[in-house]
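S.K.: Encoded as structure tokens, here's the structure I'll be asking about.
Every number here is computed from the coordinates shown, using simple stated rules; none is lab data. In this text, all values refer to a predicted model and were calculated from it rather than measured experimentally. No Cβ is skipped: glycine too gets one built from the backbone with ideal geometry, and neighbour counts run over all protein chains shown.
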Amino acid sequence: MPSNKQPINFLNYPLLKRFLKSSLYPRIFQWITVLVFGVIMVETLAGPASVGENFGSAATWVLWWPLIPFFFFLLGLRGLLEGLIDSCFKTQCFTHIVGSR
């Protein structure tokens, strides 16, 4: 049963719209990423030699590596589904699946 509900347009929120149209977006997220990556790199290279005491090694092995498959799954699944749907509507497979009426 289809719903006549309109999708949410986040640009209708003035504060969010102002942020997304400002020069801060997306630079703020890029700089946060550079800062976190830089801290991890400095701590890894200049920190203690013991892996258990080194924050950079712990952040890399304990946090980053378990999250990689999770993000690949989410982003890959989304890309796969978008590609299949897009190619289905652009080719004749849509008419084969649904049938011509």
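S.K.: From the square roots a ≥ b ≥ c of the eigenvalues of the alpha-carbon gyration tensor of segment 1-64, which class results: rounded (a/c under 1.5), prolate (a/b over b/c), or oblate?
M.R.: Oblate, since a/c reaches 1.5 and b/c is not below a/b.
S.K.: Can I ask one more? Using per-residue counts of other Cβ atoms within 10 Å, averaged over each peptide, order 70-77, 6-13, 38-45 from highest down.
M.R.: Peptide ranking by packing, descending: 38-45, 70-77, 6-13.
S.K.: Just to confirm my numbers, what's the Cα centroid distance between segment 1-43 and segment 54-68 in Å?
M.R.: Comparing the Cα centres of segment 1-43 and segment 54-68, I get a distance of 24 Å.
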